[in-house]
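So the structure is just underneath, and the comments pick up after that.
The values are calculated or read from the model by the stated rules, or taken from the named source; none is laboratory data. Everything quoted here is computed from the prediction, not taken from an experiment. Don't worry about glycine lacking a Cβ; one is built from the backbone with ideal geometry, like all the others, and counts go over all protein chains shown. Note: accessible area is taken over every heavy atom of the protein model, side chains too, but ligands, DNA and RNA are not part of it. Shrake-Rupley method; radii C 1.70, N 1.55, O 1.52, S 1.80 Å.
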Amino acid sequence: MNEENTWVIGDVQGCYCHLKKLLSHEEIISNPKARFWFAGDLVNRGPDSLGAIEYIMSLDEKSVCVLGNHDLNLLGVFAGLKEYSKSDHLNDILHSSNSTNIINWLRHRPLAHFEHNYLMVHAGVLPQWDINKVMSLASEIQELLRSANWQKTIKKIFGNKVTQWNEDLTGGKRIRAIVNALTRIRFCNADGSMNFSQKKSPENRETKQLIPWFNMPDRATKNIKIVFGHWSSLGLFIKENIMCLDSGCVWGRNMTAMRLKDKKTIQISCKDLSN
Ligand SMILES: [Mn+2]
């Protein structure tokens, strides 16, 4: 996949019609070599999760998607291991005749993708993990999700309880620590543990001791360019090595695509989704 033609897209969240509009932008559609990276959370809160995921599946080799917390939630609900919540909008997928294909495709997606010195994850990484560690921990989970008894893993995946990484963690605690970091992290405590109490932006955080994961001192991935989504209150945030692409389409803000080679962005307004 060529850096020149690769566009990274933040959380789609079932906003299919905006995704189509974004990918029909002249600059993208005029390039037959265009490729797409999706930073996870393809489904859930928006109006057409089925349309969005089937469209992304149809892009096949033209796209790379990493799993987000809402995608894992869909796997949990499908497996009957997670309760359908009031804010879930997944019935179109669950009741589709294509649901088994969709679920099988989804559970084969990676949790981290590394190419052209760019790492893509849905949420972030822990400060002590270097790039090799990130990729090997992600593949531990990928292997479990791709196995025939993937439901056993999904059963252990949800919960806030494990916030501190330790190489000796095993079983469900290890799974939760890895998944929570890659798909849910926003802030760390000063000791490097994860804090899930706040979803606000770094400026508006209520507990000033909390540190955005990417600002942790001595982070072992400092020299790697990291693209991610998940943090809609941080919004579109593009620094040299840190790029958040979740510009809050499902909250009536924007859906954004960023070209890897020059960080050029294209945005579609999703105002019609605000309420
Ligand atoms: Mn998310």
(request) Among the numbered conditions (1) open to solvent by 10 Å² or more (accessible area, probe 1.4 Å); (2) under 21 Å from N215 (Cβ atoms), tell me where L119 comes up short. (result) (1)
(request) Can you tell me which residue among D88, D60, D71, D92 is acidic (D, E), surrounded by 14 or more Cβ atoms within 10 Å (Cβ to Cβ) and farther than 23 Å from R186 by Cα? (result) D92
(request) Could you pull out the residue among L126, L50 that is closer than 22 Å to I226 by Cβ and not basic (K, R)? (result) L126
(request) Would you confirm whether any residue within the range 129-145 is hydroxyl-bearing (S, T, Y), surrounded by fewer than 22 Cβ atoms within 10 Å (Cβ to Cβ) and touching a Phe, Trp or Tyr at 6+ places or on another chain (Cβ under 8 Å)? (result) no
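Conditions tested, residue by residue: (1) closer than 19 Å to L42 by Cα; (2) among the β-branched types (V, I, T); (3) without any contact (Cβ under 8 Å) to a residue 40 or more places away in the chain.
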{"residue": "S247", "(1), (2), (3)": "yes, no, no"}
{"residue": "W251", "(1), (2), (3)": "yes, no, yes"}
{"residue": "N254", "(1), (2), (3)": "yes, no, yes"}
{"residue": "K263", "(1), (2), (3)": "no, no, yes"}
{"residue": "S274", "(1), (2), (3)": "yes, no, yes"}
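Residues are listed down the side, and each one gets a yes or a no for (1) touching a Lys or Arg at 6+ places or on another chain (Cβ under 7 Å); (2) at positive phi; (3) part of a loop (DSSP other than H, G, I, E, B):
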residue: K208; (1), (2), (3): no, no, yes
residue: D218; (1), (2), (3): no, yes, yes
residue: N223; (1), (2), (3): no, no, yes
residue: G235; (1), (2), (3): no, yes, yes
residue: E240; (1), (2), (3): no, no, yes
residue: S247; (1), (2), (3): yes, no, yes
residue: V250; (1), (2), (3): yes, no, no
(message) Which pairs turn up if I take residues in the range 106-126 that are hydroxyl-bearing (S, T, Y) and look for partners that are open to solvent by less than 10 Å² (accessible area, probe 1.4 Å) and assigned to a loop (DSSP other than H, G, I, E, B) with beta carbon separation below 8 Å, at least 6 apart in sequence or on another chain?
(response) Y118/L260
(message) Condition first: within 16 Å of the ligand (Cβ to nearest atom) and touching a residue at least 60 places away in the same chain (Cβ under 8 Å). Now tell me which residues in the range 43-65 satisfy that.
(response) R45, G46
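Okay, residues lined up against (1) surrounded by 24 or more Cβ atoms within 10 Å (Cβ to Cβ); (2) over 27 Å from I154 (Cα atoms):
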| residue | (1), (2) |
| --- | --- |
| N180 | no, no |
| S193 | no, no |
| N204 | no, yes |
| N215 | no, yes |
| A220 | no, yes |
| F237 | no, yes |
| N241 | no, yes |
| C244 | yes, no |
| G252 | no, yes |
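On the basis of being touching a residue at least 12 places away in the same chain (Cβ under 8 Å), more than 23 Å from A148 (Cα to Cα) and either assigned to a loop (DSSP other than H, G, I, E, B) or within 16 Å of the ligand (Cβ to nearest atom) (or both), does D11 make the cut? Steps first, please.
Working: touching a residue at least 12 places away in the same chain (Cβ under 8 Å): yes; more than 23 Å from A148 (Cα to Cα): yes; either assigned to a loop (DSSP other than H, G, I, E, B) or within 16 Å of the ligand (Cβ to nearest atom) (or both): yes.
So D11 fits the description; yes.
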(message) Suppose the filter is surrounded by fewer than 19 Cβ atoms within 10 Å (Cβ to Cβ) and either in contact (Cβ under 8 Å) with a residue 60 or more places away in the chain or touching a helix residue (DSSP H, G or I) at 6+ places or on another chain (Cβ under 8 Å) (or both); does G229 pass it?
(response) no
(request) Scan N149, N160 and give me the residue that is open to solvent by 60 Å² or more (accessible area, probe 1.4 Å) and within 16 Å of the ligand (Cβ to nearest atom). (result) N160
